[in-house]
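Values quoted throughout were computed directly from the atomic coordinates according to the rules given, and no laboratory measurement underlies them. All values derive from a computational prediction rather than experimental measurement. Reconstructed Cβ throughout: ideal geometry from the backbone, glycine too, with neighbour counts over all protein chains shown.
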Amino acid sequence: MKTTYKTVGYDFTRKAEKRPFKYATIFRNCSYKDDIVTHANFHISIELAEKDAKRIEKADWLELVEIVEVRPES
């Protein structure tokens, strides 16, 4: 059975069946100044979230917002 995980403080969700998500990197895609979109990448550990945050910070068109916890929805 799949579990839905939700970011704390944001309305991003993702379903997973086997491995539980614990963290998400929140970032903005600034490719188009008139259409900046916020996204989330879900991760199973803080180490993977921090690695993703470093990747995001290197990209000129992406802006890291923060790393947040992820919780299962009730």
Next on the checklist: Let me confirm the definition first: pairs of Lys residues in the chain, 8 or more apart or on different chains, C-alpha distance under 22 Å. How many are there?
Outcome noted: 12
Item to check | Rounded to whole Hz, the Karplus (6.51, -1.76, 1.60) HN-Hα couplings of the stretch 20-34, x for glycine and proline | outcome: x, 7, 10, 9, 9, 8, 9, 8, 10, 9, 9, 4, 10, 4, 8
Checklist outcome for this item: Expected unfolding gain across E66-S45 under the 0.36 nm per residue rule, minus the alpha-carbon gap, is 6.1 nm
Checklist entry - In the stretch 25-71, which chymotrypsin sites (Phe, Trp or Tyr not before Pro) fall in coil by DSSP and have 14 or fewer other Cβ atoms within 10 Å? => result Y32, W61
Checklist entry - Taking only DSSP H segments of four or more residues, each worth -39500 (n - 2.57), what value at 222 nm results for the chain once the sum is divided by all its residues, to the nearest 500 deg cm²/dmol? => result -5500 deg cm²/dmol
Checklist outcome for this item: Taking a ≥ b ≥ c as the square roots of the eigenvalues of the Cα gyration tensor, with a/c under 1.5 meaning rounded and otherwise prolate when a/b exceeds b/c and oblate if not, the stretch 23-74 is oblate
Checklist outcome for this item: Mean separation of Cα contacts under 8 Å (at least 6 apart) over the residue count of the chain, i.e. the relative contact order in percent, is 40
Item to check | Amide H partners (placed H, <5 Å) of Y5, local residues excluded | outcome: R14, K15, A16, E73
Item to check | Only Lys, Arg (+1) and Asp, Glu (-1) charged, at Cβ; the stretch 3-72 dipole about Cα centre in debye | outcome: 380
Checklist entry - Got a sec? Charge dipole of the stretch 1-41, +1 on Cβ for Lys and Arg, -1 for Asp and Glu; which of T13, T3, Y23 is way out at the positive end? => result T3
Next on the checklist: Give me the net charge for the shell around L48: Cβ to Cβ below 13 angstrom, other residues only, Lys and Arg +1, Asp and Glu -1.
Outcome noted: +2
Next on the checklist: On C-alpha positions alone, give me the angle between the axis of helix 46-58 and the longest principal axis of the chain, in degrees, nearest 10.
Outcome noted: 20
